[in-house]
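Take a look at the structure below.
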Amino acid sequence: MTRQICLSAAGILLAGIAASTAIAQEAGRPLRLEPVVVTTPNLTPTPINEVGSAVSVLTAEELEDRQTSRLQDALNTLPGVDVSPNGATGAATPVRIRGLGPRNTLVIVDGIEVADPSRAQVVYEFGTMPVDSIRSVEVLRGPQSALYGADASGGVINIVTKDPTKPFQASGLAEAGSYGEIRTNAGVGGVQGPVTFSADAATFRTRGYSSFSDKRGGSEADDFHSKSLQGKAKVAIGDNVTAFAKGRWVWERQPSDSATRDLIDTYIKKQEQYYRAGSDISLLDGRLTTTIAANYSWHHRTYIRGTLNGDTYDGTKTKLEARSAYAVSDRVTLAGGVETEEQQLRQRAPNSAGTPALGSIDATVGTNSAFGEAQVEPWRNLTLTVGGRYDDNQQFGGEFTWRGTAAWFLPDWIAPGWGTKFRGSYGTGFVTPSLYELNDPCIGFSDLKPEKSKGFDFGIDQSLPQGRLDLSATLFRVDIRDQIAYDSFRTLPAACQPYFGTTGGYGNRDTVRSDGVEFAVAAEPVDRFVVRGSYTYDRANDTSTDTSLADVPAHKAYLDLSYGVTDALRVGGSARYQSSQRNFVGWSDPFTVFGLRADYDLRPNVSLFGRVENVLNHQYEERAGIGTPDRSVYAGIRARF
């Protein structure tokens, strides 16, 4: 029966796409490609035509059009971005940029750095972050330590949630589908005089599929359940000062299976809390802006059942920051700031280490930082930026990083009506070892050094008249020395050898080079018909051993088609290709998966939607040994008031 439903849905969607070619010019609202203003590259809002860095943007409209239920699925379609799921739906899913490890990617949500200090590497592992409350996602590729510090040597993912625009508004979503999946989201917000507020609640539940690939014998379904609450408010105090506060709470029951076998009924209970409060100050008719803020995050994990039953990990991060931007003139902007942060790790994991003493860690590290940047337009259509940062780490001392970019937008007298931009960037970065890597009694070593990196890219962005086509091509290279990796040849302490063997632990072992090309396209050849696609070639190697890096496919491609058949009906389809990649299990096979979807407006503020994922029911592995879903069908309703 499920197969018949899937084939029928696929036939309807394909018929809709085919019929749409005959009515391509029917009147209605076109999906025009609009100019974009971004904030991540330069800390201040900057038209993308003036940005010299490689940046991709996902908007709320695009996420909704694709019916995105997990943010990492959308990130996985962008050039230069790789997603590495550790299991079935809801399992920890690190994201890497340009082949560098997840520790090199900084993730920010509404100004809060959300990486978990209790992990072996300080990373944010995407599970099922609610998508429906997101306004935009900016992905900045290349070394960004000069502005964002040690965790941004590979790039930055900046997620901004929606702000209300009406006196009162509400939204809701409910979706159900294969594997018993149920997803809900509800939000309210409003603007009442000087006060702007919003709150969202989301749930996600699924019976799941096996985290251990069914191609290799996996059969146990790994269920997942999550709940989250988030809210924010700001109050205008006079004409120049706005006070704000934001908070987010997440609870998850996460599968904890293996890439080599089924681990029956083992899972992780997680909690996360994030808070940010401060004020924005605007002076000199808006030419001088200042933000002062305090941030706090807390992460907790408890392992349930299995060999790690009862082991707990807690990580916290506290950060104080002040940053300003001053528009000296229409062509010169200066920005800078100071930060101080503290990370803490508390680990009680006797089962992972053999004894309570060997499984316990209590560690803290602090860092003080200062940074600055100048953005200059020496002549019309040419924008240059240069910035630097000094970080003083309690354990490793001082480190200076810098970045420079250039963007040249061809003037009309050279290419009338054609939007052509040449851009380039160069930057340095560094990443300090995690508290776990430094302090674990068995496999941590205090003699570890920070990773250091340098990278550059050159690119061209091309837009055609009437905003019908955007093309982007980028050539990049990143080099890392002293990369921290597991070293099988280090001698372990004698007390640990009965549990871990005689050798192992973390070391500065690898020298890495990642280079390649990135392409992206967004086009609206006729009204209502939008085409988006990307392609990445990434040659990521450990040059010290001449081996390819784990979890980095050499080739990735994505194509998405969306068409408005009528004012009320939209249909679409997608295809995603990934070449083989290796991990500790072995090599995965290349694969291509297809999806189809439709969205129908019952009323201006109520719509029904449905989609079919993995339409051809292809058995594939994102990573060797990790399971993926069979053909799946989902349907739901969305409302806004």
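General observations
- Cross-chain or 6+ apart pairs with Cβ under 6 Å, the range 529-548 first and at pLDDT below 95, then open to solvent by 70 Å² or more (accessible area, probe 1.4 Å): N541/R513; T543/R513
- Residue under evaluation R96, criteria (1) open to solvent by less than 20 Å² (accessible area, probe 1.4 Å); (2) within 13 Å of the chain's Cα centre (by Cα), criterion not met: (1)
- Subset tally (residues that are open to solvent by 50 Å² or more (accessible area, probe 1.4 Å) and assigned to a strand (DSSP E or B)) for the range 341-364: 6
- Strands (runs of 3 or more DSSP E) enclosed by the range 221-294 - at least 3 residues per element that are open to solvent by less than 30 Å² (accessible area, probe 1.4 Å) and either hydrophobic (A, V, I, L, M, F, W, C) or at pLDDT below 90 (or both): 241-255
- Restricting attention to the range 611-624, the residues being over 30 Å from S171 (Cα atoms) and surrounded by fewer than 21 Cβ atoms within 10 Å (Cβ to Cβ) number 5.
- Out of L561, L596, L602, L608, one residue alone is touching a helix residue (DSSP H, G or I) at 6+ places or on another chain (Cβ under 9 Å), open to solvent by 30 Å² or more (accessible area, probe 1.4 Å) and either modelled with pLDDT of 95 or more or within 21 Å of S171 (Cα to Cα) (or both). It is L561.
- Residue ID - surrounded by the most Cβ atoms within 10 Å (Cβ to Cβ), chosen from residues in the range 493-517 that are among the hydrophobic types (A, V, I, L, M, F, W, C) and in contact with a strand residue (DSSP E or B) (Cβ under 6 Å, 6 or more places away or on another chain): V512
- Any hit, the range 151-170, residues being assigned to a loop (DSSP other than H, G, I, E, B) and crowded, with 24+ Cβ neighbours inside 10 Å: yes
- Given (1) open to solvent by 10 Å² or more (accessible area, probe 1.4 Å); (2) within 26 Å of the chain's Cα centre (by Cα); (3) not acidic (D, E), number of the condition W413 does not satisfy: (2)
- Matching option when the condition is assigned to a loop (DSSP other than H, G, I, E, B), in contact with a helix residue (DSSP H, G or I) (Cβ under 9 Å, 6 or more places away or on another chain) and among the small types (G, A, S), among G306, G315: G306
- For the range 573-582, taking the residues that are in a strand (DSSP E or B) and open to solvent by 20 Å² or more (accessible area, probe 1.4 Å), the one that is farthest from T77 (Cα to Cα) is identified as R582.
- Out of D461, D470, sole residue that is open to solvent by 30 Å² or more (accessible area, probe 1.4 Å), within 21 Å of V55 (Cα to Cα) and touching a Lys or Arg at 6+ places or on another chain (Cβ under 6 Å): D461
- Failed criterion for R570 (all others in (1) among the charged types (D, E, K, R); (2) more than 25 Å from G459 (Cα to Cα); (3) open to solvent by 60 Å² or more (accessible area, probe 1.4 Å); (4) part of a strand (DSSP E or B) hold): (3)
Every residue, every condition in (1) under 17 Å from R119 (Cβ atoms); (2) modelled with pLDDT of 95 or more; (3) not charged (D, E, K, R), yes or no:
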{"residue": "T318", "(1), (2), (3)": "no, yes, yes"}
{"residue": "E321", "(1), (2), (3)": "no, yes, no"}
{"residue": "S324", "(1), (2), (3)": "no, yes, yes"}
{"residue": "V328", "(1), (2), (3)": "no, yes, yes"}
{"residue": "G337", "(1), (2), (3)": "no, yes, yes"}
{"residue": "T340", "(1), (2), (3)": "no, yes, yes"}
{"residue": "L345", "(1), (2), (3)": "yes, yes, yes"}
{"residue": "R348", "(1), (2), (3)": "yes, no, no"}
{"residue": "N351", "(1), (2), (3)": "no, no, yes"}
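- Scanning the range 451-506 for residues that are of a type in the set (V, I, T), without any contact (Cβ under 8 Å) to a residue 24 or more places away in the chain and either within 23 Å of F430 (Cβ to Cβ) or in contact with a helix residue (DSSP H, G or I) (Cβ under 7 Å, 6 or more places away or on another chain) (or both) yields no hits at all.
- Top-ranked residue in the range 433-472 [being in contact with a Leu (Cβ under 8 Å, 6 or more places away or on another chain) and among the charged types (D, E, K, R); ranked as nearest to Q144 (Cα to Cα)]: D457
- Candidate set from the range 354-368 (those that are in contact with a strand residue (DSSP E or B) (Cβ under 7 Å, 6 or more places away or on another chain) and of a type in the set (A, V, I, L, M)); member that is farthest from R119 (Cα to Cα): V365
- Residue within the range 198-218 that is acidic (D, E), more than 23 Å from the chain's Cα centre (by Cα) and closer than 15 Å to G627 by Cα present: yes
Residues checked against (1) over 15 Å from the mean Cα position of the chain (by Cα); (2) part of a strand (DSSP E or B); (3) not β-branched (V, I, T):
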{"residue": "T40", "(1), (2), (3)": "no, no, no"}
{"residue": "L43", "(1), (2), (3)": "yes, no, yes"}
{"residue": "E62", "(1), (2), (3)": "yes, no, yes"}
{"residue": "D73", "(1), (2), (3)": "no, no, yes"}
{"residue": "P79", "(1), (2), (3)": "no, no, yes"}
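The values are calculated or read from the model by the stated rules, or taken from the named source; none is laboratory data. Being a predicted model, the structure only gives us computed values, none of them experimental. Here the Cβ is made from the backbone with ideal geometry for all residues, glycine too, and neighbour counts use every protein chain on show. Each accessible area value is taken on the protein alone, full model and side chains, heavy atoms only, with ligands, DNA and RNA left out. Shrake-Rupley method; radii C 1.70, N 1.55, O 1.52, S 1.80 Å.
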